[in-house]
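One structure below.
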Amino acid sequence: MLPKLAALLLAFSLTSAVQAESAAAAPPTGCGFSTLGTLPLTGATTAGTALDRDHPDGPRVYSVTSSASGPAQLGIRDALDGSLIAERPLPLALGSWAVSVAPDHSVYVGSYNATAGAMGRLFRYLPGQDKVVELGIPIATETFVWTVAATADAVYGGTSPGGKLFRHDPATGITTDLGNPVPGEQFVRDLAVGPDGKLYAGMGASSMKIAVVGTTGTTVIDPPVQGSGYAYDLDVVGHHLLVRFGRSDGTNPMGVYDLERRAWKDVVDDVDSLTVGGGRHGRHAYFFQHEELVRYDLVSGRITKLGFTDYGGGAARTLGWVGDTLIGTGSTGRIWHYNRTTGKGRLLDGTLTGQPVSIRSLGNGPDGRVYGGGFFTGGLAAYDPATGESQFWPNVGQSEGITTHKGKLYLGVYPGARIYEFENGAPKLLANLSEQEQDRPFAMVSAGDWLAFGTVPKSGTLGGALSLLDPATGTLRVRRGIIPGQSVIGLAYRDGIVYGATSAFGGISTPQGQGTLFAYDIAADALKWQTVPVEGDLSLGSITFDDQGRLWGLTPDALYEVDPATGRTLRVSKHGTYPWSTAVQVWLDTNIVFHNGYLWGKVQGKAYRIDRATMALSLIARPISNLLKGPDGHLYLSRNENFHTYRIC
């Protein structure tokens, strides 16, 4: 799973559920594995974008469109009319948050890809030659280049999961690892370079500190706000440093730091945009508050609302000025303009090519269809096993969990652990656990009158939750820290009891104990028992009941059976190995279901048939990311954007 993307994904809400249908392909017959092609999950998501307003052929907007299995595409557009000039692939990149234009008009891109051998890479686009040059992996241990800042003689970058800085010299081609400027932090989330050459690095996901790297060493600026999270967006504007903080409680204050006085001057609440200094004009900075463009006076602190809200959806970026026109983008890829003289704005047509979206989650609907949620861009697709027809709703957030409860479909959406009822294409928000610092509702199960869901907390925090929601009355019961410090990632239900499996990892890289299994009595609102079924395993994963009422669990390296009445571990069988000693974040990495006399499971990228008597695993397919027992009694599998079935006969 990629690191935290909340600032972008907050805006992918379930609104205006436009539908699209795909032509039907005949459903497969017979037994065993069949490929179904892809679900109709596509989108143009552009987290990384930059403006070259002084390009000799006219202003250019450079945006990277993410792709499920790659390669991501660097889109080159005319900044004035939005027309697409070219799209160029970035080999082994899945996407980018990091795009920067150098004074010589070169464009530098930092990418992400957690696949072994791919990692986070650095690219340079040469406009004069219309050529992408790969500059390699800046730091061998890092999967994600979050930010790049290009100057006249160097390119700086920030990474995760090691929270490192690097410097690339275009003249020599040498890249230097500058280390971790704030030990213990996993992310360098954004960079800004001051006129004196000092480098400002926004850190996370705990302290939100700003590291200041100069020729004489590194100093640290403490944030003006409390809590954990990220120093998310940084810009140097005159003698001010603007820093937008992404806090674990879901708020996004912006601090204004006086570089001459070395003190915080102001804190502005609720700043939405992904850049806070790109709209600077004189003594004013332009950014978004509550999805509306505002003008902020750097001297007086006064905020003026400008009435412009149509920036294309997602999260907005202010890129810079061309004359009196502020140019920006939304994270759905579209360019917008705002003219400060007329006070009018406009949204340009989208011209980037939509890319395939990875299937993030699978679930059964009340209508006999299989539903798939899209990663990052979001979107929701439905596949009908009877007809082979598919349907797509693009404006749906990243669904971590999908389930049916009392004849209706429910989605658990990241970030903020938002629970939606989705019926006839009309979404309805029922719960939002952002104030409880919850983020990822992986686990969802129908539990009598209640919809039960388990969550992972926000980055930088501890304490996941078991929550119960009664959609009929709106009653919500949240039990945060039901297993102290741990995330609730797997759920099953039987006879008034919710059974839960945890990960010892919350929003930080340090595990809190070992993976725990528990039984929660809904009526008594109390734990019946809790146990550690597999010693040494830090994350348990998915759990299920078989037809004899026996409780089974599949971890990244073990299969186990537990007595649901007492919590006593009956059997454990190791099916593999897992690097627990070096793991820094393991949440839900398994699926397990029961059907037709066997357990069926997905673990470490492989799908298996599991014999309960011998606890032996027999491989049926690889590589696989998700496994679901469909409403027709067959398995449905996914990997990246690819969709498959395994017909059980």
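Computed extension gain for T566 through S618, at 0.36 nm per residue and net of the alpha carbon distance, reaches 15.7 nm. Rg and Dmax over the alpha-carbon atoms of region 158-292 stand at 14.6, 45 Å. What the Cβ-Cβ distance of A526 and H281 gives, at R0 = 56 Å and to the nearest 0.05, is a FRET efficiency of 0.40. With only the Cα atoms considered, region 475-567 has a convex hull volume of 98 Å³ per residue. Relative to one another, the C-alpha centroids of region 207-228 and region 40-94 are positioned 32 Å apart. In the complete set of protein chains, residue-level accessible area for F376 is approximately 10 Å², probe 1.4 angstrom.
Please report how far the C-alpha centroid of region 631-646 lies from that of region 376-410, rounded to the nearest whole angstrom. Their Cα centres are 14 Å away from one another. Exposure check, 1.4 Å probe, all protein chains in place: D270 carries approximately 60 Å² of accessible surface. Dividing the alpha-carbon radius of gyration of region 386-481 by the rule-of-thumb value 2.2 N^0.38 Å gives 1.08.
Spacing of the modelled spin labels on R88 and K198, each 7 Å from Cα toward Cβ, amounts to 3.5 nm. Take the convex hull of the alpha carbons in region 26-119; its mean projected area over all directions comes to 8.7 nm².
Using only the alpha carbon atoms of region 294-337, find the Kirkwood hydrodynamic radius as the inverse mean reciprocal pair distance, in angstroms to one decimal.
On the way: mean 1/r = 0.0873 Å⁻¹.
Result for region 294-337 stands at 11.5 Å.
Average projection, convex hull of the Cα set of region 419-529: 7.0 square nanometres. If the limit is 24 Å between Cα atoms, which of K406/K629; K164/K209; K408/K629; K528/K574; K528/K602 go over it? The answer is K528/K574; K528/K602.
Over all orientations, region 571-625 has a Cα convex hull whose mean projected area works out to 4.5 square nanometres.
With the whole protein complex present, F594 retains an accessible surface near 30 Å², based on a 1.4 Å probe. Over region 321-417, one equal point on each Cα, no solvent: what is log10 I(q)/I(0) by the Debye formula at q = 0.11 Å⁻¹? Each listed q corresponds, in turn, to -0.48. Straight Cα distances below 27 angstrom link K305 to the lysines K265, K344, with same-chain residues fewer than 8 positions distant left out.
Based on alpha-carbon centroids, what's the gap between region 256-289 and region 470-490 in Å, whole number please? Cα centroid to Cα centroid, the span is 37 Å. Legend: residues D495, D272, sorted from most to least accessible area (1.4 Å probe; ligands, DNA and RNA excluded), read D495, D272.
What's the carbon and sulfur percent of region 569-649's accessible surface, probe 1.4 angstrom, rounded to a whole number? With neighbouring chains kept in place, the figure for region 569-649 is 45 percent.
Sort W393, W580 by accessible area with a 1.4 Å probe, largest first.
On the way: W393 10, W580 35 Å².
Correct descending sequence by accessible area is W580, W393.
Projected onto its three principal axes, the C-alpha set of region 101-233 covers 48, 37, 22 Å, listed from the longest axis down. Residues whose amide H lies under 5 Å from that of F33, counting only those 5 or more places away or on a different chain, are R647; hydrogens are built 1.01 Å from N in the peptide plane.
Stretch S446-H239 to full length: gain in nm at 0.36 nm per residue minus the Cα-Cα span? Don't skip to the answer; put the middle values down first.
Details: separation 207, 0.36 × 207 = 74.52 nm, distance 5.57 nm.
Using 0.36 nm per residue and subtracting the Cα-Cα distance, I get 69.0 nm.
In the full protein context, region 190-258 carries 32 Å² of accessible surface per residue, based on a 1.4 Å probe and ignoring ligands, DNA and RNA.
Note on D611 and D222: their simple-model spin labels are 6.3 nm apart, each label 7 Å out from Cα toward Cβ. Just so you know, the Rg over Rh for region 271-322 is 0.94, from Cα atoms, with Rh as the Kirkwood radius. Stretching A426 away from K344 to a fully extended chain increases their span by 26.3 nm, per 0.36 nm per residue minus the current alpha-carbon distance.
All Cα-Cα distances of region 520-649, cut into 5 Å bins from zero to the largest, leave 2, 10, 20, 22, 20, 14, 9, 4, 1 percent in each bin in turn.
So what's the back-of-envelope 222 nm ellipticity for the chain, counting only DSSP H runs of four-plus at -39500 (n - 2.57) apiece and dividing by all residues, rounded to 500? Intermediate results must be reported in sequence, preceding the final value.
Numbers: 1 runs with 4 residues, N = 649.
Helix contribution divided over all residues of the chain: 0 deg cm²/dmol.
A 1.4 Å probe over all protein chains sorts E389, E142 by accessible area into E389, E142, starting with the largest.
The values are calculated or read from the model by the stated rules, or taken from the named source; none is laboratory data. Quick caveat, the model's predicted, so the values are computed rather than measured. Virtual Cβ from ideal backbone geometry, glycine too; neighbours counted across all protein chains shown. SASA here: full protein model, heavy atoms, side chains in, ligands and nucleic acids out. Shrake-Rupley method; radii C 1.70, N 1.55, O 1.52, S 1.80 Å.
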